[in-house]
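Peer 1: Sharing a structure with you now.
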Amino acid sequence: MSAETETKTEATATGSCCSPSGSCHGTSGEVQVGAVTTVYQVSGMTCGHCEGAVAAEVSEIPGVSSVEAVAATGLVTVVSAAPLAPEAVRAAVDEAGYELVGQV
């Protein structure tokens, strides 16, 4: 086992606020049965404030149960009860002040 692997395992076991990927915006790790997970590419996010703005707007879409935005990658992961209308996601991202590039 490498030192990197050991560190990640220890951090997870001790309840660190950061996920193994290094993001402090992880979810509880619970899987929702019947939920749809969709990943979007968003341009313009550069910091935690950006992540929060996008997550707040997207989470207002009916049926959305969780949103994780990561500025470093530009990826926004959305868990919802059913597939979301692309227009609704685009409008939410636009309202936050960023640009939806597309679905990954």
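Peer 1: Just to be sure before I move on: is GLU30 open to solvent by 80 Å² or more (accessible area, probe 1.4 Å) and either modelled with pLDDT of 95 or more or in contact with a His (Cβ under 6 Å, 6 or more places away or on another chain) (or both) in the structure I sent?
Peer 2: Against the criterion (open to solvent by 80 Å² or more (accessible area, probe 1.4 Å) and either modelled with pLDDT of 95 or more or in contact with a His (Cβ under 6 Å, 6 or more places away or on another chain) (or both)), GLU30 does not qualify.
Peer 1: Also, quick follow-up: Assigned to a strand (DSSP E or B) and surrounded by 20 or more Cβ atoms within 10 Å (Cβ to Cβ): does that describe VAL39?
Peer 2: Taking the combined requirement at face value, the residue does not satisfy it.
Peer 1: Of all residues being surrounded by fewer than 16 Cβ atoms within 10 Å (Cβ to Cβ) and hydrophobic (A, V, I, L, M, F, W, C) in the range 42-69, which is nearest to ALA96 (Cα to Cα)? Just the residue, please.
Peer 2: Looking at residues that are surrounded by fewer than 16 Cβ atoms within 10 Å (Cβ to Cβ) and hydrophobic (A, V, I, L, M, F, W, C), I get ALA56.
Peer 1: Given the criteria under 13 Å from the mean Cα position of the chain (by Cα) and either polar (S, T, N, Q) or crowded, with 18+ Cβ neighbours inside 10 Å (or both), does ALA72 qualify?
Peer 2: Values: under 13 Å from the mean Cα position of the chain (by Cα): yes; either polar (S, T, N, Q) or crowded, with 18+ Cβ neighbours inside 10 Å (or both): no.
No: the conditions fail for ALA72.
Peer 1: Could you grab the pairs with beta carbons closer than 8 Å, sequence gap of 6+ or different chains, first residue in the range 80-94 and of a type in the set (Val, Ile, Thr), second one part of a loop (DSSP other than H, G, I, E, B) and open to solvent by 30 Å² or more (accessible area, probe 1.4 Å)?
Peer 2: As it stands, the answer is none, since no pair meets every condition given.
Peer 1: Quick check on my filter: what residues within the range 31-62 are free of Cβ contacts under 8 Å to residues at least 60 places away in the same chain and aliphatic (A, V, I, L, M)?
Peer 2: Matches in the range 31-62: VAL31, VAL33, ALA35, VAL36, VAL42, MET45, ALA53, VAL54, ALA55, ALA56, VAL58, ILE61.
Peer 1: How many residues does the range 74-104 hold that are among the polar types (S, T, N, Q) and farther than 11 Å from TYR40 by Cβ?
Peer 2: 1
The values are calculated or read from the model by the stated rules, or taken from the named source; none is laboratory data. Nothing here was measured: the structure is a model prediction, and the numbers come from that model. Glycine also receives a Cβ, built like all others from the backbone with ideal geometry; neighbour counts cover every protein chain displayed. What goes into the accessible areas is simple: the full protein's heavy atoms, side chains included, and nothing from ligands, DNA or RNA. Shrake-Rupley method; radii C 1.70, N 1.55, O 1.52, S 1.80 Å.
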